[in-house]
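Notes to accompany the following structure.
The values are calculated or read from the model by the stated rules, or taken from the named source; none is laboratory data. Note that the coordinates shown come from a computational prediction; the quantities given were computed from them, not determined experimentally.
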Amino acid sequence: MKCLFANEDGQALLEYSLILFLVAVTCIVAFQTLPPVIINLIDRVEI
């Protein structure tokens, strides 16, 4: 049983994959949420 947990190469790859996935999801949500906010700010500033 001990030798099953000795190799951590796959674990590091999985952790990097999860981090990349979370960053991608955060970017997608931000790009879908922010444009209306930015447009409203530009409309308020417009002379």
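Tabulated values for the structure
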{"item": "Residue in segment 38-47 that is among the basic types (Lys, Arg) and at pLDDT below 85 present", "result": "no"}
{"item": "Scan of segment 5-37 for residues that are modelled with pLDDT of 95 or more and in a loop (DSSP other than H, G, I, E, B), ordered by number", "result": "none"}
{"item": "Filtered residue count, segment 9-42, keeping only those that are of a type in the set (Gly, Ala, Ser) and within 9 Å of the chain's Cα centre (by Cα)", "result": "1"}
